[in-house]
Amino acid sequence: VKNTFIYEDLEEKMKNVIFSKIGKSFDKSRLFKFVVIDVETTGLSANRNKIVEISAIKFIDFEPVESFSTLVNPRVSISEEVTLINSINNDMVKNSPLIFEVIEDFDDFVNGFDIVGYNTIFDLKFLYVNGSKILEQKGIKIYDVCELAAKVLEKDDKRDLNSVCEKYNIYRKNSHRSLSDCYATKLVFEKIIDDIIEK
């Protein structure tokens, strides 16, 4: 019953998520501490698909200080198509914890830090339906690097993380693994902030 309510409430909850803006007069020192989050999943629907990996990296003054990362047993089969994207297969997750066993630790890890993500609403949807309470925090800001990228990219530029990394000459070895995506998101985030300020 609880999960059914969460699923029905999902879109309404996400409508209330307001992403913080960054303008030309932005002071980078305001972002003294933030955490970049990312999840890998079995598909695109938070209502139907499952988390297979969850990660976060804390940054203080734009330097990494601590990370959280774990594979997650989704209790459903991971398709070959998904494995081709994120290189996570069924054997890798079969002995991993279930999401309800790690979600509270994840929340504790990110607590008190501004949240940064790439297409952040995607991650927040999956976290919310799996019991995360990070949206209940007071006084934190949430940034979507994909949304911010629109301010500096050309009209026809691709907006996926890999393409934006290529634009900024950021080398990716393990794209679509959540810890790697967290770090790449931070690198892009800083580049975009600098571009917005200097534009």
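The values are calculated or read from the model by the stated rules, or taken from the named source; none is laboratory data. These numbers were taken from a predicted model, which means no experiment stands behind them. Glycine gets a Cβ as well: all are built from the backbone with ideal geometry, and neighbour counts include every protein chain shown. Heads up: the accessible areas ignore ligands, DNA and RNA and are worked out on the full protein's heavy atoms, side chains in. Shrake-Rupley method; radii C 1.70, N 1.55, O 1.52, S 1.80 Å.
Each Lys or Arg adds one and each Asp or Glu takes one away; over the other residues whose Cβ falls under 12 Å from the Cβ of Phe109, this sums to -4. The GluC sites (Glu not before Pro) of region 135-199 that DSSP puts in a loop, and whose beta carbon has at most 12 other beta carbons within 10 Å, are Glu154.
Counting only helical runs of four or more DSSP H residues, what would the 222 nm mean residue ellipticity of the chain come to if each run contributes -39,500 (n - 2.57) and the total is spread over all its residues? Don't jump to the answer; show the numbers that get you there.
Values: 8 runs with 80 residues, N = 199.
Calculated at 222 nm, the ellipticity per residue is -12000 deg cm²/dmol.
Which of the lysines could a cross-linker span from Lys133 if the Cα-Cα distance has to be under 17 Å and same-chain partners fewer than 8 positions apart are dropped? Partners found: Lys2, Lys13, Lys15, Lys125, Lys141. Bridging of Lys158 to lysines at a Cα separation below 17 Å is possible for Lys167, Lys191, once same-chain residues fewer than 8 apart are set aside.
What percent antiparallel are the DSSP beta bridges of the chain, to the nearest 5?
On the way: 17 of 23 bridges.
In the chain, DSSP labels about 75 percent of beta bridges as antiparallel.
Among the trypsin sites (Lys or Arg not before Pro) within region 1-93, which fall in a DSSP loop and have no more than 14 other Cβ atoms within 10 Å of their own Cβ?
Numbers: sites: Lys2, Lys13, Lys15, Lys21, Lys24, Lys28, Arg30, Lys33, Arg48, Lys50, Lys58, Arg75; in loops: Lys21, Lys24, Arg48, Lys50, Arg75.
Loop-located and lightly packed - Lys21, Lys24, Arg48, Arg75.
Placing +1 on each Lys and Arg Cβ and -1 on each Asp and Glu Cβ, with no other charges, gives region 123-193 a dipole about its Cα centre of roughly 180 debye.
Given R₀ = 25 Å, FRET efficiency for Asn47-Leu135 by Cβ-Cβ distance, to 0.05? Working from the Cβ atoms, E equals 0.90.
Across Asp38, Asp105, Asp156, mean-square fluctuation computed from a Gaussian network of the chain (C-alpha pairs under 10 Å connected) peaks at Asp156. Accessible area per residue was computed with a 1.4 Å probe on protein heavy atoms; Leu148 scores about 10 Å².
A simple count of charges around Tyr118, restricted to other residues whose Cβ falls under 11 Å of its Cβ and scoring Lys, Arg +1 and Asp, Glu -1, yields -4. Under a 5 Å amide H cut-off, with hydrogens placed 1.01 Å from N, Val52 pairs with Glu40, Thr41, Thr42 among residues at least 5 apart or on other chains.
Could you give the size of the charge dipole of the chain about its Cα centre, using +1 on the Cβ of each K and R and -1 on the Cβ of each D and E, expressed in debye and rounded to the nearest 20? Intermediate results must be reported in sequence, preceding the final value.
Values: 28 positive and 34 negative charges, 63 e Å.
Roughly 300 debye, rounded to the nearest 20.
Shape verdict for the chain, please, from the Cα gyration tensor: rounded (a/c under 1.5), prolate (a/b greater than b/c) or oblate. The shape class here is prolate. Taking all protein chains together, Lys158, Lys133 sort by accessible area into Lys158, Lys133, largest first [probe 1.4 Å]. Springs between Cα atoms under 10 Å define the GNM used for the chain, and in it the highest mean-square fluctuation of Phe32, Phe19, Phe126 occurs at Phe32.
Close amide H contacts of Lys141 (hydrogens built in the peptide plane, cut-off under 5 Å, sequence separation of 5 or more or a different chain): Asp114, Ile115. Placing unit charges on the Cβ atoms of the charged side chains and taking the dipole of the chain about its Cα centre, the candidate lying farthest along the positive direction among Leu71, Ala56, Val145 is Val145.
Projecting the Cα atoms of Ser96, Gly43, Leu10 onto the charge dipole of region 1-118, computed from C-beta unit charges around the Cα centre, puts Leu10 farthest toward the positive end.
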